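Q: Below are the structure tokens for one structure; questions will follow.
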Amino acid sequence: MLTVLGAVWSVEAFAGGQTPGATQALSGTAKQVLAWLPGERSATGWKRSKPPQVFGAGNLWEFIDGAADTYVGYGFEELVSVTCTDAQLGAEATIDVYRMADALNAFGIYAQERNPRATFLSVGAEGYEAPNVLTFWNGRYYVKLRAVPAGPRVAASLRVLAQRISERIGPPANLARAIPAFPPTGQVPHSIRYLPRDVLGQAYLSNGFEVQYTAGATRWRLTTAAFGAAEQAATALNRYKTFVASSGHVAREIASPGEGGFVGSDPYNGLLVAVRAGGRLVVALGAPSERAAMETIGALLGRSPSRQEEP
Amino acid sequence: MTRCSRRAFLRASALAAGTPLTVARVGGAQEPPALQVRRQKPLGKTGWMVGDISGGSGQTEPAVFDYMFRCGINLVDTGAQYGGHEEVLGKVLPKFREKVFVVDKWDPPLVTATVTKAALLEALDVSLKKLNTTYVDCMMLHSIGHPRYGGIERIQNPAIYEAWDEAKRLRKVRFTGASSHGQKMLDEIGWGIDNNRFDIVLIGANFLTHGVEPLLKKARAKGIGTIAMKTMTLYQSNLNIRALQGKETNARQACIKWILASDLFDTAVIRMPTFQQVDEYLAVSGTTRLAADDHRHLELLAAAISPQYCRPGCSACLGACPHDVPVADVLRYKMYFENYREQKLAMRKYERIAVSERASHCAGCEAPCEQRCPYGVRVRERLVEADRQLRLA
């Protein structure tokens, strides 16, 4: 282990690690990110082996093809990608640092791509590793490291590298006020997602979150969408009810939790409970019972007041 | 009064209202949605009859997949690179497994000139697990012909074909192929076709794209399945085309109808993240000819962008310049400047080009690049403009 740690990486100031021509061509934000990454002249460990690549929202598709739409949907701003080699490890690594609009969107794209079966790590706000890949988010940055060949020494080296990058980004952001306080009982770990648009596949539902729950063998989910005003939320709820009525079944209206809504079902999710509370919609999909759905929705609304109700 | 079936009426009403069109359950039985795929074709020699409208990426809600498949969409395109997309599809796929043809793709950076068979098979297993299935119908090389991922040596790596053979033997893959919309699309897809490497090809094309016809003809002659993608890439290029999209018009549908009516492809994969988009695009299924309104929409689009728009897969101007101006790069930087509002980025990229190879030469040049352009893009005029815009910075 000591060998690995000793060989991993020595941080090099960006100004000393880049050719003058390349530095002139980079934006200030890209230079800042590059300063967090291994340089060309590192004495030991990972060394940058190719010129860095920088992409914006307009040309991200050149780098990640069809996945670019999803990133742009999460407020992608700039990507800095570098390739490094470590002679002692005989490995090559790529480090991709995506700068998103804010911490919530960085969390959003991270959670969208998160593999819940991976091994989670304490790096940045949250991270995980899979063979030859390590991914984490911190602040407004989403960071992916990939190395070949895979192996325990390379994996250990990536962990140290990720930790160093994360420390340079800064302390992890606290999204406690941004993410609804979903009740913990039965909640599937690492399952919260942020959905900036197309919540529940509906073009008119946006600014949402979703979390998975388990109850025995049943896996179900709670989804939210937020609006600027209660009237907009009421209109959206009505529209969603019309959709459910046409594609499935609306059983009855309910007066609570929140300001009420309806109980129904759809062909994919089965039982559906949808309510409005101020400018928010909360929908339980596929819950084991109406009661379980209502109790969890009630607990959520009790734990996190809507924005209109916040002081 | 023209006779109008109930379904046609419902369809027209729903589309006018912009609401998804489904039919309520009657007596507990689930009727199929009213909008259905209306035309199918053989997908090459695979034996699969594929609907003319197929599903692309972008879905985050599994119920949208459920709806798509109940509407008769029977091919879906996914890939390891589309973060989380395989998992979302995997939640629905078991219910429809025998009814849906799954096209999956390895992560592009994985496929290098030195990648091993074992690494490719391991990545396939990861994808199968996410997709919740034991096999994919087609495993593709993703984004070949794209300089970012390397040259043709990348797809000439024997390990790829050994991995495909092994995966077929293990019944994890039924067919193989490649996707491309890069500059070297014609060369690299063509190489795969000539060397009998692909069962299916997935190609970037739209109503402004010409030049892919010989490639498609060659593919068809060999019984290779052909799938179109990027049929509306024009929209993504932010060329203010959305301004043409009014209540009374649907230029997006016209773009898809052109692909369907052209009969160049067996199917087209279309990104549809919402129920509303599924309905919008399914409404044109079965199109075999364009209506007058469609022609009008396409003419408007073409007039707006054709003289400026470099088509997917085209590299006709490469190497034409006596001054070694990287024509395609300069035009792309100009696009960043004008259409993506990335002026600084465009200028920085232009600055990286050696002074002797910048477009300052173009004003007095006979422009062999323009003569080579098969689409009539006003190359010289745009290069001169680009030099003025990007140099001023």
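Q: When the chain is fully extended, how far beyond the present Cα-Cα distance does residue B:356 get from residue B:344, taking 0.36 nm per residue of separation?
A: Result: 2.2 nm gained on full extension.
Q: Under the rule of -39500 (n - 2.57) per DSSP H run of 4 or more residues, summed and divided by the residues of the protein assembly as shown, what mean residue ellipticity at 222 nm is obtained, to the nearest 500 deg cm²/dmol?
A: Calculated mean residue ellipticity at 222 nm is -10500 deg cm²/dmol.
Q: Oh, and also: Along the Cα→Cβ direction, 7 angstrom out, place labels at residue B:98 and residue B:291. What is the inter-label distance in nm?
A: Calculated label separation equals 3.9 nm.
Q: Quick check: convex hull of the Cα atoms in the stretch A:49-89, volume per residue, rounded to a whole Å³? Don't jump to the answer; show the numbers that get you there.
A: Values: hull volume 3.4 nm³, N = 41.
Measuring per residue, one finds 84 Å³ for the Cα hull of the stretch A:49-89.
Q: Taking every residue in B:81-92, how many Cβ atoms of other protein chains lie within 10 Å of its Cβ, on average?
A: Per-residue shielding by partner chains comes out at 4.
Q: Among DSSP beta bridges whose residues both lie in the stretch B:42-196, state the antiparallel percentage, nearest 5.
A: Working: 1 of 13 bridges.
If we restrict to bridges inside the stretch B:42-196, about 10 percent are antiparallel.
Q: Any idea which of B:173, B:151, B:195 is furthest toward the positive side of the dipole for the stretch B:95-245, if Lys and Arg beta-carbons carry +1 and Asp and Glu beta-carbons -1?
A: B:173
Q: Using only the alpha carbons of the stretch A:43-120, determine the length spanned along each of the three principal axes and report them from longest to shortest in whole angstroms.
A: 39, 32, 22
Q: Continuing with the same structure: Take chain A, drop everything but the C-alpha atoms, weight them equally and run the Debye formula without solvent; then report log10 I(q)/I(0) at 0.09, 0.10, 0.14 Å⁻¹ to two decimals.
A: Each listed q maps to, in turn, -0.54, -0.65, -1.01.
Q: Next question, about the same structure. Could you please rank B:77, B:329, placing first whichever residue has the fewest other Cβ atoms within 10 Å of its Cβ?
A: Working: B:77 27, B:329 16.
Final ranking by Cβ density, sparse to dense: B:329, B:77.
Q: Within 10 Å of each Cβ in B:347-357, how many Cβ atoms from other chains are there, averaged over the peptide? Don't skip to the answer; put the middle values down first.
A: On the way: counts 1, 6, 3, 1, 3, 5, 0, 0, 0, 0, 0.
Whole-number average of other-chain Cβ neighbours for B:347-357 is 2.
Q: For the protein assembly as shown, report the convex hull volume of the alpha-carbon atoms normalised per residue, in Å³, without decimals.
A: Taking only Cα atoms, the protein assembly as shown has a hull volume of 174 Å³ per residue.
Q: Okay, next question. Taking 0.36 nm per residue of separation and subtracting the Cα-Cα distance, what length does fully extending residue A:259 through residue A:27 add? Mind dumping the intermediate values first?
A: On the way: separation 232, 0.36 × 232 = 83.52 nm, distance 4.93 nm.
Result: 78.6 nm gained on full extension.
Q: For a quick protection proxy, order the peptides B:148-161, B:53-66, A:58-71, A:286-299 by their average other-Cβ count within 10 Å, most packed first. Mind dumping the intermediate values first?
A: Numbers: B:148-161: 16.5, B:53-66: 24.9, A:58-71: 21.6, A:286-299: 18.6.
Highest mean packing first, the order is B:53-66, A:58-71, A:286-299, B:148-161.
Q: Contour minus end-to-end for residue A:245 and residue A:101, with contour as 0.36 nm per residue of separation and end-to-end as the Cα-Cα distance?
A: Gain in length upon complete extension: 48.1 nm.
A short reminder: the numbers here are calculations on the coordinates, not readings from a lab. Quantities reported herein were computed from a predicted structural model and do not represent experimental measurements. Every residue, glycine among them, receives a Cβ derived from its backbone with ideal geometry; neighbour counts consider all protein chains shown.
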